[in-house]
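Here's the structure we're looking at; comments come further down.
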Amino acid sequence: MSTDVHEPPPDAVAQADAAAAESARLAAPEVIADSLGEYAKIWLKRVRNGESGALPVTLGLIAIVIYFQVRNSLFLSAGNLVNLLVQGAPFILFGMAEVYVLLLGEIDLSIGYSGAIGATVTAWVAYSAPWWVAILAGLASTTVAGAVLGIIITRLSLPSFVVTLAGFLGFEGLLLQLIPHTGHGAGGTISIPSSIIDDLTSGTLTPAVGWIVMVAIVAVSGLSMFLRDRRRRASKLVTPPVSITLLKVGVMAAAGVVVVLVSNVNRGTVTTSLRGLPWVVLVVLGMLVLWTALLGRTRFGRYIYAIGGNAEAARRAGVNISLIRTLAFTLCGLTAGVAGIIYASRLGSSSTDVDGGQLVLFAVAAAVIGGTHLFGGRGKMIHAVLGGLVVAAIYNGLYLVGLSAPATDIVTALVLLAAVTVDSLARRGQSTG
Amino acid sequence: MTTPSASDGARPAAAGRAPSPAALGNAADGGAGQEPLLRLHQVGKNFGPVQALTDINLDIPAGQVTAIVGDNGAGKSTLIKTISGIWQADHGQIFWQGRQVHLHSPKDATNLGIATVYQDLALCDNLDIVQNMFLGRETLRHWQLDELSMELTAKSTLADLAVVSVRSIRQPVGSLSGGQRQSVAVAKAVMQDAKLVIMDEPTAALGVTQTRVVLDLIARLASRGIAVVVISHNLTDVMEVAERLAVLHLGRLAAIGPASQFDTQSVVELMTTGALSRTKDDAAKPPAADRGNGESQRRRDDALNTGEGL
């Protein structure tokens, strides 16, 4: 294994060896491994040392799926799986919103109700304007809400917990006022007049289009991975072995095939046919790609991680901390708006009955269960997807098994506790190891 | 007062003659007739009634390691914070490459090429080495972070400095040892084209091998023509790596000169009392007498003579 930099003076060789072992333990395998076997070895070592990444949540998801399938064979039916994807979408999207602020070591408790306000604005505007104007208006409202909270938090140096708790209460009050005020909100419920917005969750792609979209996504992302590897190899930088990249593309393709296959099974009744990939899956994928790119490939994203890791270091490096934090809360608000609209789309309406508190807790749970660190600096958007699926699977499965809502809450609480424990144990293993 | 005995041997720089450190400290040191990179002239700093620095005259030549030592509260931190623009001098002038400069903010100092590596290093543990080295100055390509060019630059900088034992520059800084972290912080400064690198207690938290790595690194920086200022409590490390030594005592420069002119005992004495007892060589002039410190030096000598037990 070649080191990146050379020339250890003789007396530093022992230390170099120790350090090499150390880094092999802690660095991501793709940055140092140059063969498949090496990769697997480093990965295993990392897992054993508590640096498990997305492994616990993946294993957890599999365990949950097996458990519910044993209890009720309907769980793995095509109809229920697609239903699960649609149910999970709001959790995933709210979770993505929360990832932005969790990465900074902050929290936003207001997103449940601000999302509901966004949905209400969208429904209201849709009565008099095209669907896309309505969606833009709804997103604008939650973005402004997030920006205002962010400005209060950074300009006045207040803890986000308290400010967004105020947002939570304030937005709930605003929602209760807003829905009757629209003139369409009889009984505290405003239904969505636009069939396109409704179709975000109930509409599907035709099976053929589903396949085309899946192939296109896998091809584009696989190609970009190979191109990136080629550029690195051309510059003589350490590059993950081709087999690893192939494996990753393979896993991605397999997941895509499964999702499209399952979605394309006719899950309708005897008389009606219902098949195809729900649109909402594309919405979630789109947000995932967009936000992952923003976090991973821009200065803004880099600074979010830097502030979450060591705000003082970021400040000394010339990063405008207030601006980045405000922007993070703003994007959190924007994402919450998307989540709120998807949530309302699934219900066909926005209502005063929405439980914004539970939505927030599920959002934080989704992000943390997925592997995002509660105190900043570590986490990815994909974590919200995995965690959101876990939350949705529990929700869906317990319903199928016939357990009550209180039981659902308790089980989710236990899973959340387990996730935080895994995270904390991993940290402890690291500091002593 | 004595010119520190040349009998501490080992160091060839003394070359048989023991010139007055005062003379050395001001002109001879940077090479004959050559402007020092940084010159402090009569610099003073006070916080309200507290005089933190008084009449500091200090030359920092390029390509040499200058160590600033002193007990707690001697003014070491105030001095480097003044040089790095965090605090502004209340009196005196600062010259950079012969030109008078005013350092109003850390940014002014950074723009000149003064980089300060603080004891806490200011690294983000969750970011990898490349990301840390480029934090705040990332290069972009098509509005995206240009990871490739950043990694190449970081790699060559680290290789230039012969930073050892980093298996991958894409590992998080949190996984590095203390010496490696220090090296990354220094490499970050070097990569930013620093002409003067100030290091605050670079070896304070390190073990023996790690200290070795950092001292080697400091020597390499100087050999590349970079001026290095090291603040440290650890006299062993200082004596090993420094070519010039400045001793601060109660905000004044107690002595300055080539490190070869000092031995550990004389430095300790200067650090704790601000002067040398006259036991060694009564005839010599106080080494601290360079430019304006003489009077205060004498005063302290008096105090020392009356109050000191040695």
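The values are calculated or read from the model by the stated rules, or taken from the named source; none is laboratory data. Owing to the predicted nature of the structure, the values given are computational and were not obtained by experimental measurement. All Cβ positions, even for glycine, are placed from backbone atoms using ideal geometry, and neighbour counts span all protein chains on display.
Summed over the stretch A:230-246, the residues that are under 26 Å from the mean Cα position of the chain (by Cα) and either within 14 Å of chain B (Cβ to nearest Cβ) or in contact (Cβ under 8 Å) with a residue 40 or more places away in the chain (or both) give a count of 2.
Screening the stretch B:72-87 for residues that are free of Cβ contacts under 8 Å to residues at least 40 places away in the same chain and in a loop (DSSP other than H, G, I, E, B) and picking the one that is farthest from the other protein chains (Cβ to nearest Cβ) gives B:Asn72.
To keep it simple, each residue is scored yes or no on (1) more than 8 Å from chain A (Cβ to nearest Cβ); (2) farther than 26 Å from B:Leu37 by Cβ; (3) modelled with pLDDT under 85; (4) assigned to a strand (DSSP E or B).
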position	(1), (2), (3), (4)
B:Ile56	yes, no, no, yes
B:Ala67	yes, no, no, yes
B:Gln100	yes, no, no, yes
B:Asn111	yes, no, no, no
B:Ala122	no, no, yes, no
B:Glu151	no, yes, no, no
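Scanning the stretch A:145-186 for residues that are touching a residue at least 12 places away in the same chain (Cβ under 8 Å), in a helix (DSSP H, G or I) and either of a type in the set (D, E, K, R) or closer than 22 Å to A:Ser128 by Cα (or both) yields a count of 7. Evaluate the following for A:Gly210: is it more than 14 Å from chain B (Cβ to nearest Cβ), touching a Leu at 6+ places or on another chain (Cβ under 6 Å) and not hydrophobic (A, V, I, L, M, F, W, C)? Yes, satisfied. Would you check if there is a residue in the stretch A:322-330 being more than 25 Å from A:Ile151 (Cα to Cα), at pLDDT 90 or above and crowded, with 22+ Cβ neighbours inside 10 Å? Scanning the stretch A:322-330, I find no residue that is more than 25 Å from A:Ile151 (Cα to Cα), at pLDDT 90 or above and crowded, with 22+ Cβ neighbours inside 10 Å, so the answer is no. When A:Ala254 is tested against (1) touching a residue at least 60 places away in the same chain (Cβ under 8 Å); (2) out of contact with any strand residue (DSSP E or B) (no Cβ under 6 Å at 6 or more places or on another chain), just one condition goes unmet, and that condition is (1). Here the stretch B:136-152 is the region considered, the condition is being under 16 Å from A:Tyr305 (Cα atoms) and in contact (Cβ under 8 Å) with a residue 12 or more places away in the chain, and the residue that is surrounded by the fewest Cβ atoms within 10 Å (Cβ to Cβ) is B:Arg137. Residues in the stretch B:86-123 that are within 28 Å of A:Gly296 (Cβ to Cβ) and in contact with a Pro (Cβ under 9 Å, 6 or more places away or on another chain): how many? Here the count works out to 0.
Among the criteria (1) within 14 Å of chain B (Cβ to nearest Cβ); (2) part of a helix (DSSP H, G or I); (3) surrounded by 13 or more Cβ atoms within 10 Å (Cβ to Cβ), the one A:Leu282 does not fulfil is (1). Looking only at residues of the stretch B:153-167 that are more than 8 Å from chain A (Cβ to nearest Cβ) and not hydroxyl-bearing (Ser, Thr, Tyr), we find that the one that is surrounded by the fewest Cβ atoms within 10 Å (Cβ to Cβ) is B:Asp160.
Hey, does the stretch A:312-324 have a residue that's β-branched (Val, Ile, Thr) and either away from chain B (no Cβ under 14 Å) or out of contact with any Phe, Trp or Tyr (no Cβ under 9 Å at 6 or more places or on another chain) (or both)? Taking every residue of the stretch A:312-324 in turn, none turns out to be β-branched (Val, Ile, Thr) and either away from chain B (no Cβ under 14 Å) or out of contact with any Phe, Trp or Tyr (no Cβ under 9 Å at 6 or more places or on another chain) (or both). Going by what's in this entry, would A:Ile117 be described as over 17 Å from A:Thr330 (Cβ atoms), touching a helix residue (DSSP H, G or I) at 6+ places or on another chain (Cβ under 6 Å), in contact (Cβ under 8 Å) with a residue 40 or more places away in the chain and not in a loop (DSSP other than H, G, I, E, B)? Criteria not met by A:Ile117. Look at (1) more than 30 Å from B:Arg252 (Cα to Cα); (2) among the charged types (D, E, K, R); (3) more than 8 Å from chain A (Cβ to nearest Cβ) and you find that B:Arg137 fails only one, number (3).
One residue stands out in the stretch A:346-365 among those that are within 18 Å of A:Asn396 (Cβ to Cβ) and surrounded by 24 or more Cβ atoms within 10 Å (Cβ to Cβ): the one that is nearest to the chain's Cα centre (by Cα), namely A:Ala363. For the stretch A:135-181, the set of residues classified as aromatic (Phe, Trp, Tyr) and crowded, with 18+ Cβ neighbours inside 10 Å consists of A:Phe168, A:Phe171, listed by residue number. Residues in the stretch A:371-423 that are within 30 Å of A:Glu312 (Cα to Cα), at pLDDT 85 or above and part of a helix (DSSP H, G or I): A:Met381, A:Ile382, A:His383, A:Ala384.
Note on the stretch B:200-213: among residues that are within 28 Å of B:Leu112 (Cβ to Cβ) and either surrounded by fewer than 22 Cβ atoms within 10 Å (Cβ to Cβ) or at pLDDT 90 or above (or both), the one that is nearest to the other protein chains (Cβ to nearest Cβ) is B:Asp200. Annotation: B:Ile94 fulfils all but one of (1) of a type in the set (A, V, I, L, M); (2) part of a helix (DSSP H, G or I); (3) out of contact with any helix residue (DSSP H, G or I) (no Cβ under 7 Å at 6 or more places or on another chain); the unmet one is (2). Does A:Gly37 qualify as being modelled with pLDDT of 70 or more, loosely packed, with under 15 Cβ neighbours inside 10 Å and either on the phi > 0 side of the Ramachandran plot or not aliphatic (A, V, I, L, M) (or both)? Criteria met by A:Gly37.
Of all residues in the stretch A:297-310, those being more than 7 Å from chain B (Cβ to nearest Cβ) and without any contact (Cβ under 8 Å) to a residue 60 or more places away in the chain number 3.
Helices (runs of 4 or more DSSP H) fully within the stretch B:178-261 that include at least 1 residues being without any contact (Cβ under 8 Å) to a residue 12 or more places away in the chain: B:208-223.
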